[in-house]
Amino acid sequence: MKQSHTSLIIAASTVLFLAIALLISAPAPLGQAEMQDLIVLPTVPPTPTVPPAPSSMIGVVAPQAATTLMTEQFDTDGALTRWRIVDLEDVPNERRSLWTVVEGRLRQDRTVPPLRDPSIHETAALTGEADWSDYTISAGFYDQDNANVGLIARYRDGSYYRYRIIRSDYEDRPKHVIERVVNGTVTVLASLDAPGYEARRWNTITFSVNGDQLRAFFNGQATIEVRDAQLSSGSAGLYTRAIGGMLFDHVMITSP
């Protein structure tokens, strides 16, 4: 019995000795600084800064003898009050498009709070009078995260002409289109299967209506010309989708 008791003591001592040896040989726990050194986080590129719109794009195709109806550089607190925001498709109130003036530019900023999510429905910022007839609208635009841009002419009661361009890296074709929209029905009047525009750079878009002549320009170069006499007068405007990320600046509207 004594021998058995002694064996138990020896066995317990051996286990205790092994446990102490393991504790001594185990590595010390890592401190917070050492843990941070071991965690490698992915590098997130900074959001690209939007450069100022070149002042040279103002009136890039406006005739020298033209009368200026309005210019807008969105550099005053009341700039947005001169524009009327219109959703060109039927959407519920909580999905209405939001346009804001930020850092001297007009920005299509997704949809209204509290949702504030992107939507693919078409939207416009309109200005001018219902009796405007013959004029040219020109604007600089910068696409951060959209794919559709355009100008509107002779908008009245939901009917209007539109020149729109699709971004180059999208598969949709043609990239340049002049359309007549009457009560939601879109009729393509003319199109051009040429390259679209490049994202994250300033471009200029221009749309001219004079009698039945409709002319479109991109970065100062003529793209499409067509004739249509169905719509005679109405407001001018800027067009995109409520996806967000489309900036406008240096808007000019002139009459012959």
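Annotations for the structure displayed:
- Cα coordinate range in the stretch 132-215, projected on the principal axes (Å, largest first): 33, 23, 21
- A crude spin-label estimate for the pair residue 213 and residue 172, with each label 7 Å from Cα along the Cβ direction, gives 3.0 nm.
- Column: log10 I(q)/I(0), Debye, Cα scatterers of the stretch 54-168, q = 0.09, 0.17, 0.21 Å⁻¹: -0.27, -1.01, -1.54
- For the pair residue 131 and residue 198, a Förster radius of 41 Å applied to the C-beta separation gives a FRET efficiency near 0.65, rounded to the nearest 0.05.
- Descending by average beta-carbon neighbour count within 10 Å, the peptides 191-198, 103-110, 238-245 line up as 238-245, 103-110, 191-198, the highest first.
- Accessible-area value, residue 134, 1.4 Å probe, nucleic acids and ligands omitted, Å²: 50
- Two-site label geometry, residue 77 and residue 55: point separation in nm, points 7 Å out along Cα→Cβ: 2.5
- Pairwise Cα distances in the stretch 91-243 exceed 19 Å in 52 percent of cases.
- Protection proxy ranking for 92-99, 117-124, using the average of other Cβ atoms within 10 Å per residue and placing the highest first: 117-124, 92-99.
- Cα→Cβ-extended label distance, 7 Å offset, between residue 232 and residue 116, nm: 4.7
The values are calculated or read from the model by the stated rules, or taken from the named source; none is laboratory data. Computed from a predicted structure; not experimentally measured. Cβ coordinates were reconstructed from backbone atoms using ideal geometry, including for glycine residues, and neighbour counts include every protein chain displayed. The protein model used for the area step is the full one, side chains on, heavy atoms only, and it has no ligands, DNA or RNA in it. Shrake-Rupley method; radii C 1.70, N 1.55, O 1.52, S 1.80 Å.
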